[in-house]
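Worksheet: one structure, shown below.
The values are calculated or read from the model by the stated rules, or taken from the named source; none is laboratory data. All of these numbers come straight from a predicted model, not from anything done at the bench. Don't worry about glycine lacking a Cβ; one is built from the backbone with ideal geometry, like all the others, and counts go over all protein chains shown. The accessibility values were calculated without ligands, DNA or RNA, using every heavy atom of the protein model including side chains. Shrake-Rupley method; radii C 1.70, N 1.55, O 1.52, S 1.80 Å.
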Amino acid sequence: MKIVVGDRNVLPHKEQFLRELPDDADVVWVVPFDEAAVITELADADVYVGGKFSAAMGKAAPQLKMVHVVGAGTDNVDRSGLGPDVQVCNTFHHEQSIAEYIVAATVMMRRKFLSQDRALRTGLFETSVYDPSIPQPLSLSGARIGFVGFGHIGQRAWALFEAYGCVGAAVTGSGNADGALEWHSDISDLGKLMEWSDVVVVSAPLTDATRGMIGASELAALGPDGVLVNVGRGPLVQEQALFDALSDRTIAAAAIDVWYRYPGPDGVGKPSSLAFEELPNILMTPHSSGVTHHTFVGRVGDIAQRIRHVHENT
């Protein structure tokens, strides 16, 4: 069985991956990803492991049985070159790491730690202890946490928030939500959720129905003390509306881990056409909320297990 790996996130767990594969597995590593090199190797490959899969790659792989993404999203897999029997799989294991990010980012933004850090680097102790015009910052105790989407990420984040004494609510596509929430509803109550919440956590999937679901009116409903945390997909929140809401303090702050533009393999590029980097009230991270050792140990285990399953059934 030939397996082509084109995702560098597997490489730190190479020993685990090889150990858990079938004994006769022949693994070819194309890391960093190079599409031309991958296409050459796919001619006799059974499995491809990687985040990007083009139509040309599919056409070059006549005996391929599975494409396995090393993450949750399969939106970068072009299925047009694949036969109908080729499995396209994804894997999660990121909920704990992303939940930690959500809570940590929320604390950082509500407690004004970013602003305090930047001020202290200039010699200014930016706290109400020295400046009575500065309001005392907000803790998580009693905070209202609103979830837009309440899958495994939202549920895990809520378990952490609940331990801090927060109150929760959620809107989902189905209107259903598991957990000890104060209330939950379907997406028609998004405006109600934004107005109710002190912090809004966005982790819904990106679809035609959810693209741009949070715009200027929703951000205005969140209000001047509100914090937005987006770990879903950038376009769930309208780009210009978010920039404007942060610029004019329609909302207090945001932590954004998912973006409107992504770089090539060198990792260099602006995440937006707008100057978010000039705003003092945003935490910008490079889609890294789920990128931890813990996450990828689990993912590599899933991928190896599914490859064994394909091997045993062919």
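Summary of computed values
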{"item": "Rounded to the nearest 20 debye, dipole of the chain from Cβ charges on Lys, Arg, Asp, Glu", "result": "280"}
{"item": "Only Lys, Arg (+1) and Asp, Glu (-1) charged, at Cβ; the range 94-280 dipole about Cα centre in debye", "result": "260"}
{"item": "Longest site-free stretch - the chain; sites: chymotrypsin sites (Phe, Trp or Tyr not before Pro), DSSP loop, at most 11 other Cβ within 10 Å", "result": "131-314"}
{"item": "Counted charge near Arg261, where neighbours are those whose Cβ lies closer than 13 Å (Asp, Glu -1; Lys, Arg +1)", "result": "0"}
{"item": "The range 94-280 shape via C-alpha gyration tensor axes, a/c threshold 1.5", "result": "oblate"}
{"item": "Backbone N under 18 Å from the Asp131 label point (7 Å along Cα→Cβ), restricted to the range 251-277", "result": "252-253"}
{"item": "Inter-label distance, nm, simple model (7 Å from Cα along the C-beta direction), Arg308/Gln63", "result": "2.3"}
{"item": "Under 19 Å from Lys52, Cα to Cα: lysines that are on another chain or at least 8 residues apart", "result": "Lys2, Lys65"}
{"item": "Mean-position separation - Cα centroids, the range 5-35 and the range 55-83, in angstrom", "result": "17"}
{"item": "Percent accessible area from carbon and sulfur atoms, the range 94-280, protein chains only, probe 1.4 Å", "result": "52"}
{"item": "Dipole axis of the chain (+1 Lys, Arg; -1 Asp, Glu on Cβ), positive-most option in Ile134, Gly173, Phe276", "result": "Ile134"}
{"item": "Potential extension, Asp186-Leu124 segment - 0.36 nm per residue separation minus Cα distance", "result": "17.7 nm"}
{"item": "Selection from Ile145, Gln87, Met109, by position along the positive dipole direction of the chain (Cβ)", "result": "Met109"}
{"item": "GNM flexibility winner over the chain from Gly290, Gly58, Gly154 (Cα, springs under 10 Å)", "result": "Gly58"}
{"item": "Dipole of the range 94-280, positive end: most advanced residue of Pro224, Ile251, Pro263 [Cβ charges, Cα centre]", "result": "Pro263"}
{"item": "Helix 293-312 axis, angle to the chain major axis (alpha carbon atoms, nearest 10°)", "result": "30"}
{"item": "In Å, descending, principal axis extents of the Cα set of the chain", "result": "69, 45, 33"}
